[in-house]
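Input: a single structure, listed below in structure tokens.
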Amino acid sequence: MKVCVVTGGRRGIGKAVVDRFIKEGYYVASCSKNQKAFESYNLLLMKCDVSNIKDVKNFYLKTIKKFKRVDVLVNNAGVAFYKKLNETKIKEIDNMIDVNLKGVIYTTKLFLGKLIESKGTLVNISSVAGLKSYENFSVYCASKYGVVGFSDSLRKELDNVKVYCVCPGPVDTDMWSGFGWIRFPGITKPVTIANKVLDCVNNKYKELIIK
Ligand SMILES: NC(=O)c1ccc[n+]([C@@H]2O[C@H](COP(=O)([O-])OP(=O)(O)OC[C@H]3O[C@@H](n4cnc5c(N)ncnc54)[C@H](OP(=O)(O)O)[C@@H]3O)[C@@H](O)[C@H]2O)c1
């Protein structure tokens, strides 16, 4: 029995990761901010705001109660906006850093012991905006560069856990269309990213950053 934990699994890339790992025979626990609770023998879906440490603890405890072990953690939950810093409200800044960066750190911290026990795999979803800066994307870039740095440091710290950071370009999800940007022909589909996450677990890559 192998267990995969996914944050932000209700839609987009996270949903594709949930579906891909279920198809692969994994038991999956996933949470999202607006997730309706659901449970079956191989799936646990829960409401949890990853920026709220109490929620993340509750997600962790329910996952361990049900599945006992964790082999893969995919930190995927994220938010994005595209605007000038001058026009950005403080609460928007706080939310983005809290979800995109602190949410990744909180979830990793809680599940890390189980990943160490299983000699498992941690996959953090950053972005191409975590490697290269884009205009009017400063807070998002700050959060995603943070995820790359966090992952790189952990990779050096952990002997028995494989650490990867997947950095997609544009992906055909609500996040992309939420900017009012066109889903151009050939835009990457969420399942392509889900396959890359699975490739990380299956030792296809040696490097930290997967583009
Ligand atoms: N789409 C792109 O072009 C693209 C490119 C590079 C990187 N990424 C990254 O890929 C990841 C997934 O993005 P996506 O495109 O799939 O986005 P999406 O379609 O907007 O889905 C985001 C998911 O994150 C969840 N979420 C948001 N805030 C949360 C919170 N506070 N606590 C728990 N869950 C929360 C949402 O929950 P609900 O469904 O419950 O609302 C949703 O399931 C993000 O980290 C994003 O930055 C996306």
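The values are calculated or read from the model by the stated rules, or taken from the named source; none is laboratory data. The structure displayed is predicted, hence computed values, not measured ones. Here the Cβ positions follow ideal geometry from the backbone for every residue, glycine too, while neighbour counts run over all protein chains shown.
Please work out if R69 is within 24 Å of P190 (Cα to Cα) and modelled with pLDDT of 95 or more.
no
List every residue pair whose Cβ atoms sit under 8 Å apart, with the two residues 6 or more apart in sequence or on different chains, where the first one lies in the stretch 183-211 and is within 18 Å of L115 (Cα to Cα) and the second, anywhere, is of a type in the set (S, T, N, Q) and surrounded by 12 or more Cβ atoms within 10 Å (Cβ to Cβ). Filtered contacts from the stretch 183-211: C200/T121; V201/T121; L208/S151.
Of everything listed in (1) among the basic types (K, R); (2) within 16 Å of G14 (Cβ to Cβ); (3) more than 12 Å from the ligand (Cβ to nearest atom), the single unmet condition for R155 is (2).
Would you call F81 at pLDDT below 95 and within 23 Å of T188 (Cβ to Cβ)? It would help to see each step written out before you state the result.
Numbers: at pLDDT below 95: yes; within 23 Å of T188 (Cβ to Cβ): yes.
Yes; evaluated as a whole, the condition is true for this residue.
Inspect the stretch 32-42 for any residue being touching a helix residue (DSSP H, G or I) at 6+ places or on another chain (Cβ under 6 Å) and at pLDDT 95 or above and give the result as yes or no. No, the stretch 32-42 has no match at all.
Which residue, of N124, N195, is part of a strand (DSSP E or B) and modelled with pLDDT of 95 or more? One residue alone meets the criteria, N124.
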